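The values are calculated or read from the model by the stated rules, or taken from the named source; none is laboratory data. On a predicted model such as this, the values are computed, not experimentally measured, just so you know. Neighbour counts run over all protein chains shown; Cβ positions are idealised from the backbone, glycine included.
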Amino acid sequence: MAILDIIVAPDPRLKLKAEPVSAVDASVRKLMADMVETMHLAPGIGLASIQVGDLRRVIVVDVSDPNKDRDPICMANPELIWTSDEINFHEEGCLSLPEHYVEIKRPDAIKVRYINEAGEKRELEADGLLAVCIQHEMDHLNGVLFVDHISSLKRGIILRKLAKIKKQGLIKT
Ligand code: K1U
Ligand code: ZN
């Protein structure tokens, strides 16, 4: 397994749209395993392929207790097949927007269809933090960052701060 570099905004690679995976083969399974390792080390509760510069539609999420056995979920080609009418605000972070946390409005519960690491079709119902995290990671696959859900004024402040820190060489990727 390998630890991957996580791309930090502003970066045009984070605005790209990922392409569907045609089959979950050994190379996709390696990407999933590397992403899980990278997410756990960061630490984070989710990661999307786009954030590590890979354009295959893959996300990993893990909202389990870090002090107990971990329980990552790997998803290729995730698609939302149902979202609740109930909408909630939840504070979101992003490994590509380090040290910024913002309240974002999203459906409270979802049903997602995906292909797992064994190449099997699966459906999962989620609510709370898991639902928030899956939606956040799926946004990444379409080139959308959580700052795209807030005002352009607030977005500009966050992106300019990060651009300055990157220019000073305090963040590498
Ligand atoms: O997509 C990412 O960059 C990962 C992001 C996922 C996420 C967090 C919160 C709400 C929605 C999506 C993160 O994991 S940021 C780090 C974080 O929130 C965290 C880190 C360690 C323990 C608990 C949370
Ligand atoms: Zn993110």
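Here are some notes:
- Boolean, GLY46 is crowded, with 19+ Cβ neighbours inside 10 Å, of a type outside the set (S, T, N, Q) and within 13 Å of the chain's Cα centre (by Cα): yes
- Every pair of residues 6+ apart whose Cβ atoms lie under 8 Å, when the first sits in segment 152-167 and is under 19 Å from LEU95 (Cβ atoms) while the second is modelled with pLDDT under 95: LEU162/ILE171; ILE165/ILE171
- Condition met for MET39 (in contact with a strand residue (DSSP E or B) (Cβ under 6 Å, 6 or more places away or on another chain) and either of a type outside the set (A, V, I, L, M) or under 19 Å from LEU145 (Cβ atoms) (or both)): yes
- Single residue of ARG29, ARG56 found to be under 17 Å from GLU117 (Cβ atoms) and touching a residue at least 40 places away in the same chain (Cβ under 8 Å): ARG29
- Lone qualifier among ILE104, ILE150 - being within 13 Å of ligand 1 (Cβ to nearest atom) and over 25 Å from ASP5 (Cα atoms): ILE104
- Within segment 17-39, if we keep just the residues that are within 15 Å of ligand 2 (Cβ to nearest atom) and more than 11 Å from the chain's Cα centre (by Cα), the residue that is nearest to TYR101 (Cα to Cα) turns out to be THR38.
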